[in-house]
1. Please give the length that would be gained between residue 111 and residue 58 if that part of the chain were fully extended, namely 0.36 nm times their separation in residues minus their C-alpha to C-alpha distance (nm, one decimal).
2. Which of the peptides 27-38, 4-15 is most tightly packed, and how do the rest follow, going by the mean number of other Cβ atoms within 10 Å of each residue?
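Please treat every number below as a calculation from the coordinates, not as lab data. Since we're looking at a predicted model, the values are computed, not measured. No Cβ is skipped: glycine too gets one built from the backbone with ideal geometry, and neighbour counts run over all protein chains shown.
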């Protein structure tokens, strides 16, 4: 019985591989900061029924749960986004831009369609 030939792995474009890598990083960062916000806000911002606080602790004029659960993660995401955009993302060559040619082709195609309808 002949053995089946192994399936060759496709050769992926480097632009696709870079975008896939960047996608995984973005989703991972979103998950981390989202979990952080939900965990902190739920655990420190929620009072069980019957529980009363005499005084709300504040950080920079905000309730502490809002600072640690919302403001700090947003600042963290801003710092990480700047690092990600300027230092982690790769600039890929997408080829030559043919914007003028594409526009001319589209206009010609529209005129052909008008002539075919008898306008």
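1. Numbers: separation 53, 0.36 × 53 = 19.08 nm, distance 6.64 nm.
Fully extending the segment from residue 111 to residue 58 adds 12.4 nm.
2. On the way: 27-38: 12.8, 4-15: 7.6.
Peptide ranking by packing, descending: 27-38, 4-15.
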